[in-house]
Amino acid sequence: MRIKSYPVVMLIFLLSLGSCRKIVQLSNIPFIKFNSFSIGDTLDILGNHSKAGKLNFYFEDGDGDLGLDVPSGDQTDSTNLFFTLYRKVNGSMVAASHGDPLYPSAFRIPYMERLGQNKILKGIISVTFLYNFYSPDDTIKYDFYLEDRALNKSNVASTGEIVISVNNIYTK
């Protein structure tokens with residue numbers, strides 16, 4: 001009888017040992033990392049030929065308070081994803097003014113919440129840009145960061161140089 005129960009006890013021991021993993025902890029300050037930026041041909045809502053850019057970046061947030069609710073009532077719409085546009089001028093990247101036609105509008109990451117004890121959020125966020133007015137020589141780059149609901153600012157991530165007129169996938 002003792003010999004038959006030995007494998008069962010060993011199996012239970014091994015299973016319990018594997019379930020005792022330490023919970024991963026991340027900072028409450030969000031972290032982001034640039035993955036890619038792709039440029040391609042598209043049509044705008046009026047059927048005009050234009051270019052579309054798609055930014056993909058990785059994020060993680062240790063306390064899971066990322067994203068904003070849709071405003072209701074008297075609330076104004078708020079943003080939590082911020083961009084700085086740079087244009088190549090005489091071989092150097094120079095910050096563009098907010099009035100620049102390529103300057104991105106404000107973005108709001110939607111409300112995210114993870115249920116359960118582990119609140120860590122990780123994933124990929126994709127943002128699409130539409131370029132209706134550009135020249136074949138336009139070369140740009142973006143710096144960007146996000147804020148969580150506690151107003152913790154993430155690190156600043158950057159794209160590489162992007163030539164708007166050339167369909168490509170830029171990975172820096």
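Some points to look at:
- Among the residues of the range 149-162, those identified as touching a strand residue (DSSP E or B) at 6+ places or on another chain (Cβ under 6 Å) and surrounded by 16 or more Cβ atoms within 10 Å (Cβ to Cβ) are S154, A157, T159, I162.
- Some residue of the range 6-27 being under 30 Å from N168 (Cβ atoms), surrounded by 10 or more Cβ atoms within 10 Å (Cβ to Cβ) and modelled with pLDDT of 85 or more: no
- Criterion (acidic (D, E), loosely packed, with under 11 Cβ neighbours inside 10 Å and modelled with pLDDT of 90 or more) met by exactly one of D77, D41: D41
- Scanning the range 82-110 for residues that are out of contact with any Phe, Trp or Tyr (no Cβ under 8 Å at 6 or more places or on another chain), at pLDDT 90 or above and within 30 Å of G64 (Cβ to Cβ) yields R108, I109, P110.
- Restricted to strands (runs of 3 or more DSSP E) entirely inside the range 44-108, those with at least 2 residues that are in contact (Cβ under 8 Å) with a residue 60 or more places away in the chain and touching a Pro at 6+ places or on another chain (Cβ under 7 Å) are 49-61.
- Of all the residues in the range 26-60, those that are closer than 11 Å to I120 by Cβ and over 11 Å from the mean Cα position of the chain (by Cα) number 3.
- Where L55 falls short, out of the listed (1) modelled with pLDDT of 90 or more; (2) touching a strand residue (DSSP E or B) at 6+ places or on another chain (Cβ under 9 Å); (3) over 15 Å from Y142 (Cβ atoms): (3)
- Any chance I169 is on the phi < 0 side of the Ramachandran plot, at pLDDT below 95, in contact with a Ser or Thr (Cβ under 8 Å, 6 or more places away or on another chain) and of a type in the set (A, V, I, L, M, F, W, C): yes
- When residues of the range 121-172 are limited to those that are under 17 Å from H49 (Cα atoms), in a loop (DSSP other than H, G, I, E, B) and among the hydroxyl-bearing types (S, T, Y), the one farthest from the chain's Cα centre (by Cα): S135
The values are calculated or read from the model by the stated rules, or taken from the named source; none is laboratory data. None of the values given here were measured: they were computed from a predicted structure. So basically every Cβ, Gly included, is an ideal-geometry build from the backbone, and we count neighbours across all protein chains shown.
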